[in-house]
Each structure stands twice: as C-alpha cells, then as structure tokens.
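Student: My questions all concern the structure below.
Every number here is computed from the coordinates shown, using simple stated rules; none is lab data. What you are looking at is a predicted structure, and each value in this text was computed from that prediction instead of being measured. Glycine gets a Cβ as well: all are built from the backbone with ideal geometry, and neighbour counts include every protein chain shown.
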Amino acid sequence: MKKIIGLTIAFMLLIGMTGIGTWAYFSDVEASTGNQMTAGTLDLKTNDVDGVSQTLFVTNMAPGDTVGPETIILKNIGSVDGSTLDLAFSYDENDGSFNLVGKTKDETAAMLEVTVLNYDGSSLLGSVDDFQPNGYTDIEDLTTSDLSEQSGIGAAPASKVFEIGVTLRTETGSDFQSDGITVTMTFTLNQ
C-alpha cells in the first residue's frame with residue numbers, strides 16, 4: 001500500500017512539473033515604454049461656429065413669400081470620421097406686435113411649405129411624412145419625421161452642405177397677419 005501511495009505522489013509531482021514547464025514554455029513577458037494612446041475627437045461646427053443648432057426666422061411674410069434657401073455648412077473639425085448625421089427640427093412662436101387673431105405656432109407651421117430640404121446634394125423631401133395630411137411638406141411635418149442616420153462627415157477638414165427653403169402658402173388668410181415662427185435645426189454627428 002505504501003508503494004501505491006508513493007507512486008501516486010510521484011505521478012502527481014511529474015504531472016505538476018510538466019504543467020509548470022509547459023506554462024513557462026508558452027508564456028512570454030515583454031515591457032514597452034514611452035507609448036501613448038489618445039482618443040480622437042468628433043467636433044461639429046455649423047457655419048464655422050461652435051454649437052450644433054442653427055435658426056431660421058420665418059416672420060413678417062406675405063402669402064407667396066419665400067425664405068431661403070438658406071445654406072448651412074456642416075464641418076467636422078475633429079480627428080475622427082462621423083459615421084452618421086441626425087437632423088431634428090423644432091419651432092417656437094415669434095409673432096409681431098400687431099396680431100388680431102393670434103394663430104398658434106402649429107397653425108402657422110402648417111402654412112409654411114418646405115420647398116427645399118437638401119443635405120449633401122440630395123433632396124430629403126421624400127423622407128418627410130405628411131403629418132397633416134395637407135398634400136404638401138410643411139414645417140410641422142419636419143418635427144414629426146425621422147431624419148436620422150444621414151451620411152456622416154469625415155474627419156477634418158471635411159464638410160457637407162445643408163439647405164432649407166420655405167414659402168408661405170398663397171391661400172394663407174389674413175388671420176395669420178403678424179404670425180411667425182422661429183425654426184431651430186439641430187445637427188448631431190455620430191461616431
């Protein structure tokens with residue numbers, strides 16, 4: 001019995017030494033000094049200004065009047081390519097001083113037809129849902145449509161152009177006198 005216990009212990013030591021020898025044979029440790037790792041940057045400018053929003057003032061218009069097309073240069077001054085660009089729209093009331101009826105901002109937005117909506121040379125009007133539905137694309141439709149995941153903007157000095165133009169519908173009645181809105185366009189560049 002002592003022989004079996006002795007052989008078992010010897011066998012276990014042999015297996016243990018083989019494992020340690022194999023581990024030592026397949027491990028290698030090296031040291032490297034002076035290396036640096038820096039994260040890149042993603043920095044969007046609109047019309048060469050910090051900030052990701054631009055404003056379109058749609059005030060003091062008569063039926064048939066047009067604002068734009070306004071051009072906004074979107075520039076990535078960072079070191080990392082932007083993979084997609086998200087567009088979002090909102091608007092606030094911006095009425096003149098003499099306003100007898102006082103239409104709401106939504107009523108005013110519904111009378112402003114979007115005639116130009118381009119990004120990177122392509123029209124986005126086909127991507128906008130007619131929320132009303134009134135048969136044309138209006139400012140209110142822009143706020144309810146998903147215009148995310150447009151083509152991105154490469155690293156500096158890359159840039160792309162966004163354009164927007166609106167027209168006050170000719171059938172707009174006199175109840176809208178002095179009514180206006182301010183449209184905010186927000187651009188989000190994603191990595």
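Student: Please give me the summed charge of the neighbours of ASP65: other residues whose Cβ is under 12 Å from its Cβ, Lys and Arg +1, Asp and Glu -1. Please report the intermediate quantities before stating the final value.
Tutor: Details: positive: ARG169; negative: GLU113.
Computed value for this residue: 0.
Student: Based on other C-beta atoms within 10 Å, arrange GLU93, GLU140, GLU171 from fewest to most. Display every interim value, and only then the final one.
Tutor: Values: GLU93 15, GLU140 24, GLU171 8.
Fewest-to-most Cβ neighbours within 10 Å comes out as GLU171, GLU93, GLU140.
Student: Can you return the lysines within cross-link range of LYS45? Criterion is Cα-Cα under 28 Å, with same-chain partners fewer than 8 residues away left out.
Tutor: LYS45 reaches LYS75, LYS160.
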